[in-house]
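Here's the structure, in structure tokens; my notes come after.
Each value in this text was obtained by applying a stated rule to the coordinates, not by laboratory testing. Keep in mind it's a predicted model, so treat the numbers as computed, not measured. In this analysis, Cβ positions are derived from the backbone assuming ideal geometry, glycine residues included, and neighbour counts consider all displayed protein chains.
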Amino acid sequence: MATAEKELLQRRLAGQREHVLGILDGLSDEQLRRPVLPSGWHCLGLLQHLALSDEHYWFRCVVGGEPLDYFPSEPNGDWIVDPGRPASDVLEQYRDEIAHADAIIAATDLEAPPAYTDPQWAQWGMSFPDLRTIMLHVLVETSVHAGHLDAVRELIDGRQWIVL
Amino acid sequence: MTDDHQLRHFLDAQRASVLAILDGLDESALRTPVVPSGWTPLGLLEHLGGAERHWFQHVATGTADPAPWPPDPSEDPDGPFTTNRPTAAVFDFYRKQCARSNTVLDEMPLSTPPRGRHNQPMDEPVTDLRWIVLHMIEETARHAGHLDLARELLDGRTGLGPR
């Protein structure tokens with residue numbers, strides 16, 4: 001199931017995930033929970049969003065056919081982190097979802113159609129006919145959010161990351 | 001849908017997002033740095049135009065059309081992305097470079113090895129045009145994320161662009 005094209009997509013996705021984790025490295029629990037922008041999200045919420053709405057949803061549910069009942073029921077619940085939950089727990093959850101996703105990707109052909117087709121996609125004006133499109137979508141999502149974190153990290157403590 | 005149509009669709013969506021995020025910002029906002037490192041939205045757009053030209057012309061084909069302006073000796077190549085050029089000229093530059101990139105994609109299969117070279121060390125070898133398209137999807141998406149933040153800090157608008 002491994003092809004040069006798939007390996008390239010896997011490496012690029014791994015690179016953006018590492019950037020997400022790298023740009024957060026060294027932030028304190030308070031900094032990870034600090035809302036920096038008017039819209040009020042914080043780094044830990046974004047990380048949980050990536051774990052639940054990107055890695056888990058796209059790979060475990062859409063590609064792998066697992067149930068959708070894992071998702072928090074409250075509006076934007078994927079961005080809401082219980083104040084008592086340690087930051088390390090959310091970081092661990094993201095790494096764990098990545099490991100699940102990688103196992104599913106390894107066992108699936110790029111041309112394989114998804115196990116689950118979400119009626120929401122049509123409302124978004126998008127279609128995801130195969131694993132390739134889904135990997136590209138998660139690559140883009142992770143890259144955009146890595147860009148958000150680059151800028152937020154600078155606003156929190158001035159640390160800059162090498163710009164592409 | 002073939003693989004090469006899918007890749008182009010994703011690249012076009014990122015470019016459209018960049019332009020949608022900038023749409024409606026006035027002259028002053030476009031030239032306002034929002035984070036300490038000092039890049040500006042317009043400077044970032046010029047950088048993205050330069051990235052299209054570099055990757056799809058210099059690296060992919062080994063040659064590039066003349067730049068629309070001569071090198072400015074006062075520019076610090078290691079400094080933040082800013083620009084003194086007129087706004088309309090920078091937008092025009094970006095759109096033209098994207099169109100030029102698309103002609104390269106029309107003419108060369110994704111499996112074509114690069115005819116030129118990237119000027120800095122990369123974390124992995126640039127194998128072919130497919131690699132370059134993926135890189136530009138990531139680079140444009142990352143910078144769209146930077147611009148999202150800039151836009152929210154400048155006038156509160158969020159969630160712009162197709163993506």
Which one of B:S101, A:P75, A:L110 is farthest out on the positive end of the charge dipole of the protein assembly as shown, using unit charges on Cβ (Lys, Arg +1; Asp, Glu -1) and the Cα centre as origin? B:S101
Can you give me the Cα centroid spacing of the range A:100-131 and the range B:95-163 in angstrom? 23
Euclidean distance of C-alpha centroids, the range A:1-74 and the range B:1-57, integer Å: 23
If you fit an axis through the alpha-carbon atoms of helix A:87-106 and take the longest principal axis of the Cα set of chain A, what angle between them do you get, 0 to 90°, nearest 10? 20
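On average, how many beta carbons from a partner chain sit within 10 Å of the beta carbon of a residue in A:87-98? It would help to have the intermediate numbers written out before the result.
Details: counts 0, 0, 0, 0, 0, 0, 0, 0, 0, 0, 0, 0.
Mean shielding count: 0.
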What shape does the protein assembly as shown have by the C-alpha gyration tensor, where a ≥ b ≥ c are the square roots of the eigenvalues, rounded means a/c under 1.5, and otherwise prolate means a/b greater than b/c and oblate the rest? oblate
Residue mean of other protein chain beta carbons inside 10 Å, B:95-104: 0
Going by alpha carbons, how many degrees (0 to 90, nearest 10) lie between the helix axis of A:4-24 and the longest principal axis of chain A? 20
Expressed in nanometres to one decimal, the distance between label points 7 Å along Cα→Cβ at A:E111 and A:L21 is 3.3
Taking every Cα atom in the range A:86-164, find the radius of gyration and the maximum pairwise distance Dmax, and write them in Å. 16.1, 44
Read phi for every residue in the range A:151-156 and hand back ³J(HN,Hα) as whole Hz from Karplus 6.51 cos²θ - 1.76 cosθ + 1.60, θ = phi - 60°, with x for Gly and Pro. 5, 5, 4, 4, 5, 6
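Could you calculate the FRET efficiency of B:N102 with B:T32 from 1/(1 + (r/R0)^6), where r is the beta carbon distance between them and R0 is 35 Å, rounded to 0.05? Before the final figure, lay out each step's value.
On the way: r = 31 Å, r/R0 = 0.89.
Working from the Cβ atoms, E equals 0.70.
Mind running the shape call on the range B:64-158? Use the C-alpha gyration tensor, a ≥ b ≥ c as the square roots of the eigenvalues: rounded below 1.5 for a/c, prolate if a/b tops b/c, oblate otherwise.
Numbers: a/c = 1.67, a/b = 1.39, b/c = 1.20.
Because a/c hits 1.5 or more and a/b exceeds b/c, the range B:64-158 counts as prolate.
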Using a 7 Å offset from the Cα along the Cα-to-Cβ direction at both B:D76 and B:D12, what is the distance between the two label points in nm, to one decimal? 4.0
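From largest to smallest, what semi-axes in whole angstrom does the range A:90-134 give when each is the square root of 5 times an eigenvalue of its alpha carbon gyration tensor? Don't jump to the answer; show the numbers that get you there.
Working: eigenvalues 104, 49, 11 Å².
Each semi-axis is the square root of five times an eigenvalue, giving 23, 16, 7 Å.
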Highest mean packing first, using Cβ neighbours within 10 angstrom, the peptides B:107-115, A:147-155 sort as A:147-155, B:107-115
FRET E, pair A:S28, A:I80, Förster distance 22 Å, beta-carbon r, rounded to 0.05: 0.65
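What is the diffusion coefficient of the range B:1-95 in µm²/s, taking the Kirkwood radius over Cα pairs and the Stokes-Einstein relation at 4 °C with a viscosity of 1.567 mPa s?
On the way: Rh = 14.8 Å.
Here the translational diffusion coefficient equals 88 µm²/s.
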In vacuo Debye sum over C-alpha of the range A:59-115, base-10 log of normalised intensity I(q)/I(0) at q = 0.22 Å⁻¹, listed in q order, is -0.98
Sort all Cα-Cα distances of chain A into consecutive 5 angstrom bins from zero, then give the percent of pairs in each bin up to the one containing the longest distance. 2, 8, 18, 21, 20, 15, 10, 6, 1, 0
About its Cα centre, how strong a charge dipole does the range A:38-85 have in debye, to the nearest 20, once Lys and Arg get +1 and Asp and Glu get -1 at the Cβ? 100
A:Y70 and B:W69 label points (each 7 Å along its Cα→Cβ direction) are spaced in nm at 4.9
Would you be so kind as to identify which of A:I23, A:F59, B:H146 lies farthest towards the positive end of the dipole of the protein assembly as shown, taking Lys and Arg as +1 and Asp and Glu as -1 on Cβ and the Cα centre as origin? B:H146
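Among the complete DSSP H segments of chain B, which ones combine at least 27 Å of alpha-carbon extent along their axis with a mean Kyte-Doolittle hydropathy of -0.5 or more? Please list the in-between numbers first.
Numbers: long enough: B:3-22 (29 Å, -0.08); B:87-107 (31 Å, -0.39); B:129-155 (38 Å, 0.03).
Correct list, ordered by number: B:3-22, B:87-107, B:129-155.
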What per residue convex hull volume, in Å³, comes out for the range A:1-78 when only alpha-carbon positions are used? 116
